[in-house]
Structure formats: structure tokens, C-alpha cells
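The values are calculated or read from the model by the stated rules, or taken from the named source; none is laboratory data. Every value quoted in this text rests on a predicted model; they were computed, and no experiment measured them. So basically every Cβ, Gly included, is an ideal-geometry build from the backbone, and we count neighbours across all protein chains shown.
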Amino acid sequence: MVSMLHSLRSSAQCQSLGVIRLPHHSRTGLRHVEQIMSAFTVLTALAFISRAGATIPPVNKTYPYDSETSSCFFMGRASTFRINYNINADICVSFYGRLEMDAKMEESELQEINSIEGCVIISGTKIEHADLRQIQHIRPNPEFCEYTHALLIYNNRDLKSIEFTNQLTLDRPEDVFIGLNPALTPAGVTGASFKFDFTSEKDCLITEVTPKSKCTRIVGDVRVEQLSTDLWEQIRVVHGTLRIENSDLPYLNSLSNLKIEAWKLPALVISKNSQLIDISALLTMEIEPKENFFEIRDNPNICHNIVERKMLEKWLASRNVSVQFKTDCLTSCFGGSVSIGYLEGIDKLCNTIKGDLRIEGIKMCQSSIRSDNKRCVSILVGMGCTLSAAYDEQV
């Protein structure tokens, strides 16, 4: 069929060069040739797509096993995987999906698998030695697994050694995450031809954070209520995700210097916090990745003065997120004769100053405004106040 089409295509090309001339009455035959040429074009395109799309998984949820490629799709625990594959006739060499080792497992038990697309999670097990030498390719795929890492090996208290093959290929070094395995040292990881982030004493699970601990980076999916505000202030990084849901926090100041290294999305969720008023900490948090990392919803009492609100609206809009800000919570406060210290401690929700405002201890210079004056003006503008009159000079 293909050779016939090639022949027809060659004939058509010759015709265009004048080698073959069809009679005028042979338009029907010409239409047939054109139809066949169209079919050839489609077949050629399909062949190209087939070649270019070789990485398209041969299996999925509705077609979980492909015997020609020994590929399988699976999402679940390794104990169930062993029953479905490898013990019976269906040998799985190329794995697509999400495979998690059971807590009681003492061996990695990946059997015949030499290629992983999705993720394999080895966490909280009793495994002492993980022999992964048969694995030659690892690649994350969000269609199969929520994690950005394709291989996660963490929180295995007895793990002392991991063996890789130097033929293992990774698209990115961060496709593998190894950490919080207290008995494992860098020397215990052999065969790896790639570098990976080997955690230190500053890394911990959230259950291990104490006032006396050296932990500054938490690994895992955590909730804000798991730590007090004082303990959150000592944490600099969350490698995982953070959820702030159904909390009684009025503000997020203890998280203002936090960095979130997301290992799945969304990295940060803020929802259903009826007492939450202030989210300005978002402006100084650092979150990776920069896109599609954030969900915020059902927080009915968020309130900021006009300056902070505009900054937050810009920050949120750049991340394709919006928030409904309340305005009836903005207050007024009394003016009169006040000091800079008073202004610095004033409620930042104060949007209107009643009466005249005299700021004590300020000397206005004709040539320039003194730094103290600039400071109090900055405070007032930062509150969203409108300054409509000149300051009284106080010597």
C-alpha cells in the first residue's frame, strides 16, 4: 500500500512537470489521484506522529497493561502491585503511575521494573538496603503522580544503603529526593552518576520540631496548626506543601520569611479561615515554582488598608488569583498632638484621622525635609492616609 502510494505520488509529481499529460476528459481519474494523494498525506502525518510520539505512554487507567512493551499502569501500594504484576504472567518492565512501598516492607521489591514514569515513594519503611540497580530511567509525570520528584526516599529509620546503576538517566537531578534517613550517609549511596540533595541536621519532620531543635527546614505536607507561631518563626523552609485551613489565626506574620519548595501542587492553600484578617506575609514569602502554586478561598474577613490592598492585588493578579477584600473593617483614629512613636504604633487599619494632626518634635527645614519628617510621612502614606494640610512646626 505504501509503495503504491509512493508510486502514485511520483506519477503526480511527473504530471506537474509535464511528463504525464492526462486528457481533459480524465478529470474523474485526476480527482481519484488527488484523493489518494490526500490519503497518503494523512498516512504520512500519522506515521510521523507515531514516531515523534514514541514517549506517549502505551498504558493508562483504562488500558493498564501492554504485553508487547511489558508496560503497566498502577496507582497504589507495592503489596497490591506484586499481586497484579510479576507474580503472575504479566511482567511489568516499564512502570507508569504511582507506587508506594508499604510501611512493613523490608525490601524495595521493585522486581523487574527498569523504567519509571510517574513516581515511586519509599517512606516510613523498615528497609535497610534498597537495591535499585535495575532502574535505568526515571521521569516524573503529573498525569500519573502529583509529586515533582519521580523517586522519593525519605523517613526510613533503618535505611543504611542504596544501590543505583551508573546507567540511570534523569532529566533533572531534582527528579530524585533522598532525605531524613538517619542511618544513611552519602557514602551509603553507591552507583549514582548524578548529584542529589542530601539532607542535613537542619532538616526534619514537623513532629520533630522543638524550641531546642536545630531544624530550620521541614520535609513533608504540613498544616499550619501543627506548630505554634513561635516555632514557625524558627522555620525557614518547607520542602513539601503548607495548608492553612480552618485556623483561628488573624494574621500570618510568623510565616513572613518562609520559603516553600513545592514537591507537589498546590504548594500553599489558604482556605476557610474565618478569623483571618491580614495576609500581607505573602508579599515576603518565597514560593517555588512561581506559577500555579497557590489556592486561596473562603476567607471572608481579609482586610487591608488601601496601600497594602493594592500591593496584594498586584501580587495575587500576577499569580492568577483574586481575593475579596473587606472595607467596612477600616477604622478611624484621633489626631491631635502626637509623636512619631505614636504613629508607628497606630492601628494600620486606621484609614481616617479625625481632626488636626500635630506631630511633636519635628523641625521643618526650608531647603529639605528632615529624615524624621520623611519617616512620619511614610508611616501615614503606608496607612493609606491622605495628607491634606501642612505640618505645624514644632521647635
Fill in: Which numbered condition Lys160 misses (of (1) modelled with pLDDT under 95; (2) of a type in the set (Lys, Arg); (3) more than 21 Å from Gly97 (Cβ to Cβ))
(1)
Worksheet item: Within the stretch 326-346, which residues are acidic (Asp, Glu) and modelled with pLDDT of 70 or more?
Response: Asp328
Practice prompt. Would you mind telling me which numbered condition in (1) under 24 Å from the mean Cα position of the chain (by Cα); (2) assigned by the TED database to the domain that holds Trp232 Val176 fails?
Written response: (2)
Item to complete: Only one of these is among the basic types (Lys, Arg), out of contact with any Gly (no Cβ under 6 Å at 6 or more places or on another chain) and outside the structural domain of Asp230 (by the TED database): Lys264, Lys310, Lys326, Lys314. Name it.
Response: Lys326
Worksheet item: Looking at Pro140, is it under 21 Å from Ser193 (Cβ atoms), outside the structural domain of Glu208 (by the TED database) and not aromatic (Phe, Trp, Tyr)?
Response: yes
Item to complete: Filter the strands (runs of 3 or more DSSP E) completely within the stretch 75-138 down to those with at least 1 residues that are more than 16 Å from Pro64 (Cα to Cα) and of a type in the set (Asp, Glu).
Response: 94-100, 129-131
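Here is a yes/no grid of residues against (1) more than 28 Å from Arg297 (Cβ to Cβ); (2) crowded, with 16+ Cβ neighbours inside 10 Å; (3) over 22 Å from the mean Cα position of the chain (by Cα):
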{"site": "Glu208", "(1), (2), (3)": "yes, no, yes"}
{"site": "Lys214", "(1), (2), (3)": "yes, no, yes"}
{"site": "Val222", "(1), (2), (3)": "no, yes, no"}
{"site": "Leu231", "(1), (2), (3)": "no, yes, yes"}
{"site": "Ile235", "(1), (2), (3)": "no, yes, no"}
{"site": "Val238", "(1), (2), (3)": "no, yes, no"}
{"site": "Arg243", "(1), (2), (3)": "no, yes, no"}
{"site": "Leu249", "(1), (2), (3)": "no, yes, yes"}
Item to complete: Find the residue count for the stretch 305-333, including only residues that are hydrophobic (A, V, I, L, M, F, W, C) and closer than 14 Å to Leu283 by Cβ.
Response: 8
Item to complete: Run down Ser254, Ser280 and say which single residue is out of contact with any His (no Cβ under 7 Å at 6 or more places or on another chain) and not assigned by the TED database to the domain that holds Cys145.
Response: Ser254
Response to the item:
Cβ pairs under 6 Å, 6+ apart or interchain, first in the stretch 300-311 and polar (S, T, N, Q), second modelled with pLDDT of 95 or more, ordered by first then second residue, are Asn301/Ile277
Worksheet item: Among the residues of the stretch 66-86 satisfying the criterion of being modelled with pLDDT of 95 or more and of a type in the set (Phe, Trp, Tyr), which is farthest from Ser123 (Cα to Cα)?
Response: Phe73
Discussion item. Take the residues in the stretch 27-57 that are under 32 Å from the mean Cα position of the chain (by Cα) and farther than 16 Å from Arg98 by Cα; name whichever of them is modelled with the highest pLDDT.
Written reply: Ile56
Discussion item. Criterion first (of a type in the set (Val, Ile, Thr) and in contact (Cβ under 8 Å) with a residue 40 or more places away in the chain) does Thr148 satisfy it?
Written reply: yes
Practice prompt. Taking only the stretch 147-181 into account, find how many residues are in a loop (DSSP other than H, G, I, E, B) and of a type in the set (A, V, I, L, M).
Written response: 4
Item to complete: Would you mind finding the one in Phe194, Phe177, Phe164 that is touching a residue at least 12 places away in the same chain (Cβ under 8 Å) and surrounded by fewer than 18 Cβ atoms within 10 Å (Cβ to Cβ)?
Response: Phe194
